[in-house]
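J.: After the structure tokens below, expect a handful of questions from me.
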Amino acid sequence: RASEERYRSLFNGMTEGFALHEVVLDSGGRASDYRFLEINPAFERLTGLRRDEIVGRLMSEVLPDEDPVWTKIYGRVAQTGEPVHFDRHAPSLGRHYEVFCYRPAEGQFAVVFHDVTELKRAEAKLAEANRLKDEFLANVSHELRTPLNAILGWSDLLSRREFDPATTRRAIETIARNARAQAQLVSDVLDLSRIVAG
């Protein structure tokens, strides 16, 4: 009795979700569904599913629109005995979970999991921020190089040849215009960096 009480205390006090299931095979011996045998309070909190509504029922009854890949993964564990560790989005629950699954007995599998939805959202935001940063830097690089190339090109021509005054004036005006454009862009980038840093 003391051992059972310790187990029950641990089971109920876990912060990770835990569930024990029985796999259901089709006529070809492939996993086609699974039945909930037991869940802990953390499972209820992390999924929004209630123990009295799901224990004894099939997954296809509880979440009929869930991605069937979950059944394939769990069925493989129940049949081979090889544990798996993965993370995956559960569309029906709108959450992302990191899961460890193992086989405690023939035809059964158990899962221990926690919710990593916020972590995945943060990773997605970081990836988007990095993409925008790379896009911004590429644009800035292009905008800086365009006037700079014009300045260098006209300067090179002026250093090699003698032009009539009108052509020389046009070359100098082009150089000055592009230099001003580049100076303005650098100023804008510095202003933007102050805003982002602030």
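The values are calculated or read from the model by the stated rules, or taken from the named source; none is laboratory data. No experiment lies behind these values; they were computed from the predicted model shown. Every residue, glycine as well, gets a Cβ built from its backbone with ideal geometry; the counts of neighbours run over all protein chains shown. Surface areas here come from the heavy atoms of the whole protein model, side chains and all, with no ligands, DNA or RNA. Shrake-Rupley method; radii C 1.70, N 1.55, O 1.52, S 1.80 Å.
J.: In Å², what does the accessible area per residue of the range 14-159 work out to with a 1.4 Å probe?
T.: 58 Å²
J.: Check each of the chymotrypsin sites (Phe, Trp or Tyr not before Pro) in the range 136-189 and keep only those in coil by DSSP with at most 14 other C-beta atoms within 10 angstrom; list them in order.
T.: Answer in residue order: PHE163.
J.: Per residue of the chain, what 222 nm ellipticity follows from adding -39500 (n - 2.57) for every DSSP H run with n ≥ 4, rounded to the nearest 500?
T.: -19500 deg cm²/dmol
J.: Which percent of the accessible heavy-atom area of the chain goes to carbon and sulfur, probe 1.4 angstrom?
T.: Percent of accessible area from carbon and sulfur atoms in the chain: 54.
J.: With every protein chain present, what accessible area does LYS125 have (1.4 Å probe, heavy atoms only), rounded to the nearest 10 Å²?
T.: Looks like 150 Å² after rounding.
J.: Among the aspartates and glutamates, which have Cα under 20 Å from the Cα of LYS125 when same-chain residues fewer than 8 positions away are ignored?
T.: Counting by Cα, and skipping residues close in sequence, LYS125 has these aspartates and glutamates nearby: ASP87, GLU98, ASP115, ASP134, GLU135.
J.: Still on this structure, please answer the following. Residues with amide H under 5 Å of TYR34's amide H, sequence separation 5 or more or different chain, H placed in the peptide plane at 1.01 Å from N; which?
T.: HN-HN under 5 Å from TYR34: VAL24, MET59, SER60.
J.: Another one. If you stretched the chain out fully between PHE86 and THR146, how much longer would it get, using 0.36 nm times the residue separation minus the C-alpha to C-alpha distance?
T.: Full extension of this stretch gives 16.8 nm more.
J.: Give me the orientation-averaged projected area of the Cα convex hull of the range 63-108, in nm², one decimal.
T.: Average of the hull's projected areas for the range 63-108 equals 3.2 nm².
J.: Cα gyration tensor of the range 10-115, axes a ≥ b ≥ c as square roots of the eigenvalues: rounded (a/c below 1.5), prolate (a/b > b/c) or oblate?
T.: Rounded, because the longest to shortest axis ratio a/c is under 1.5.
J.: Another question about this same structure. Across every pair of different alpha-carbon atoms, what Kirkwood hydrodynamic radius in Å does the range 89-159 reach?
T.: 17.2 Å
J.: Given a 1.4 Å probe and the protein chains all in place, what does the accessible area of HIS85 round to, in Å² to the nearest 10?
T.: Accessible area, nearest 10 Å²: 120 Å².
J.: Need one number: nm distance between label points at GLU173 and TYR102, each 7 Å from Cα along Cα→Cβ, rounded to one decimal.
T.: It is 8.1 nm.
J.: Rounded to the nearest 20 Debye, what is the dipole magnitude of the chain about its Cα centre when Lys and Arg each give +1 and Asp and Glu each give -1 at the C-beta?
T.: So the dipole magnitude of the chain works out to roughly 700 debye.
J.: Quote the convex hull volume per residue of the range 56-197, based on C-alpha atoms, as a whole number of Å³.
T.: Convex hull of Cα atoms, per residue: 187 Å³.
J.: Mind listing the phi-derived Karplus ³J(HN,Hα) values for the range 47-57, rounded to whole Hz, using 6.51, -1.76 and 1.60 with θ = phi - 60°, and x for any glycine or proline?
T.: So the J values, rounded to whole Hz, are 10, x, 8, 9, 4, 5, 9, 10, 4, x, 9.
J.: I'd like the accessible area for SER3, computed on protein heavy atoms only with a 1.4 Å probe and all protein chains in place. Round to 10 Å², please.
T.: Surface accessible to solvent at SER3 totals approximately 80 Å².
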